[in-house]
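Working notes for the structure below.
The values are calculated or read from the model by the stated rules, or taken from the named source; none is laboratory data. As the structure is a computational prediction, the values presented were derived from the model and not from experiment. As a convention, Cβ positions derive from the backbone with ideal geometry for all residues, glycine included, and neighbour counts pool all protein chains shown. Calculation scope for accessible area: heavy atoms of the full protein, side chains included, ligands and nucleic acids excluded. Shrake-Rupley method; radii C 1.70, N 1.55, O 1.52, S 1.80 Å.
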Amino acid sequence: MSGPALDPATRPALVEILISMADDEFVIGFSDSEWTGIAPLLEEDVAMSSLAQDEIGHAKAFYELLAGVLDDGRDADAIAYDREPAEYRHCRLLDHPRGDWADTIARRFLYDTADAVRLEAVAACSWSALADLVAKIRREERYHLMHVGAWLDRLANGGGEARRRLEAALERLAPDAATVFAPLQGEAALVEAGLLSAPMDAHEARWRASIGPTLERLRLPMPPAAIDPERGRLDHSAAFDWLHGEFTMVRRLDPVATW
Amino acid sequence: MTTSDNGERMIDEGSPVVAGVLEPWEVFRREKDGDPMRHGGSVMAPDPVLALHYAREMFGRRQESTGLWVIRRADIHELEDPDLLDPPLDRSFKKPGGYVMRDKLAAARERSGQAKLKARDAAKVRRPATGDPA
């Protein structure tokens, strides 16, 4: 481990941003993997399952970086699986249950567009290990954006039940969309150290500008500001408690087993 | 997989019904640069954008393709009369391999009353039965 990761002033904030990005990818990956076997059509089943796998892969890579920074004896698996639900730092947007297909597409659209802005915000960061990883992840996320964009168009322009379900999903999820940009503790230190290009609220504004044309074209509302953004990555829902029970199920059988 | 009478997949939990618009798309892939496109298989999709997404998932996720095409099966025109592909007269002289000698040799042997050629001699005069250049 070298560079800013060892700087004691930025270390807590670096842990904060890594864990938030890792947990976001981990939780949306698991939520989307719930479609495996029951997606609307066989081809989409494969596509959504592969997207979900990509996200878990991104989470794994972030957890590995995080394990190096924390250097407390925990490996990526221990960080991913051995925490209590309250210790996860994913954003409130990802606390909603999987819901129907429209919920999944609405959540993917809101999250992937926000994640794209956040990835860009660390793409040129001063820590090469993180910058290199983010460059790879962005190549994969480009495809995710194309995929969710295709589906958002189809649901929004599908009329009838498709449109109705999409609007209902956005009504449920959009109030929490901006929590992807919930302020991080010590984010000023990250900006100072060149790990984050600007404070999170500036990135939220860039995200809104980036999705504005799509929402306007599809006559969909811009998500409102998040309520209580300081707690945007705390206070997880009962739906997440359930998901946590699911994704830790096997690990809990024997946490020290060798696979 | 459960399908309804008209072939649509039955969908649970409020998934969108893409009513009647799913159709087969033929996928062509290039295995490595410089190779021709070859048929790889097919995917079901409602339009070319999703067909390409699904083709990528099925035929291009693990670097097994360097290029992909999708073509709507409905846009493929098939020669309807297979008899047209089976010429009734011998045109084998048009093939790169030349005449098919087997029948002519048999006739010549019969005329001359000569015994069947030894296998070694037969191999010398035999020509490929199909002059497939591939």
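Over the protein assembly as shown, the hull volume per residue, using the convex hull of the C-alpha atoms, is 242 Å³. Here is how the number arises for chain A: DSSP H runs of 4 or more residues each give -39500 (n - 2.57), the sum is divided by the residue count, and the result at 222 nm is -21500 deg cm²/dmol. For residue A:195, the residues 5 or more places off, or on other chains, whose built amide H falls under 5 Å of its own are A:126.
Heavy-atom accessible surface of residue B:29, to the nearest 10 Å², is about 50 Å², with a 1.4 Å probe and all protein chains retained. The value given for the range A:74-231 is a Kirkwood hydrodynamic radius of 16.8 Å, derived from the mean inverse Cα-Cα separation. How many angstrom lie between the C-alpha centres of the range A:46-60 and the range A:12-32? The range A:46-60 and the range A:12-32 have Cα centres separated by 14 Å. With the convex hull drawn over the C-alpha atoms of the range A:119-181, the volume per residue is 82 Å³. The length gained on full extension between residue A:185 and residue A:60, counted as 0.36 nm times the residue separation minus their Cα-Cα distance, comes to 42.7 nm. The B and A chains share an interface that buries close to 2000 Å² of accessible area, total over both sides, probe 1.4 Å. Ignoring ligands, DNA and RNA, what percent of the 1.4 Å accessible area of the protein assembly as shown is carbon and sulfur? Heavy-atom surface of the protein assembly as shown belonging to carbon and sulfur, 1.4 Å probe: 54 percent. Note on the protein assembly as shown: Lys pairs 8 or more places apart or on different chains, Cα atoms under 29 Å apart, count 14. If you take the alpha carbon atoms of the range A:83-162 and fit the smallest convex hull around them, that volume is 109 Å³ per residue.
Under the combined filter of DSSP loop state and at most 12 neighbouring Cβ atoms within 10 Å, the range A:187-217 retains none of its trypsin sites (Lys or Arg not before Pro). Figure legend: label point modelled 7 angstrom from the Cα of residue A:235 along Cα→Cβ; residues of the range A:191-229 with amide N under 15 Å from it are A:226-229.
About its Cα centre, the dipole of chain A is roughly 700 debye, where the only charges are +1 on Lys and Arg Cβ and -1 on Asp and Glu Cβ. For the range A:7-162, the C-alpha radius of gyration sits at 1.09 times the compact-globule guess of 2.2 N^0.38 Å, with N the residue count. Normalised by the number of residues in the range A:103-233, the mean separation of alpha-carbon contacts (under 8 Å, six or more apart) gives a relative contact order of 34 percent. Computing FRET efficiency as 1/(1 + (r/R0)^6) for residue B:103 and residue B:75, where r is the C-beta to C-beta distance and R0 is 51 Å, gives about 0.75. What the protein assembly as shown shows is 54 Å² of accessible area per residue, with the surface traced by a 1.4 Å probe over protein heavy atoms.
Its alpha carbons give the range A:102-147 an Rg and a Dmax of 11.7, 39 Å.
Comparing A:26, B:60, B:27 along the charge dipole axis of the protein assembly as shown, the residue lying farthest to the positive side is B:27, per the Cβ-charge model.
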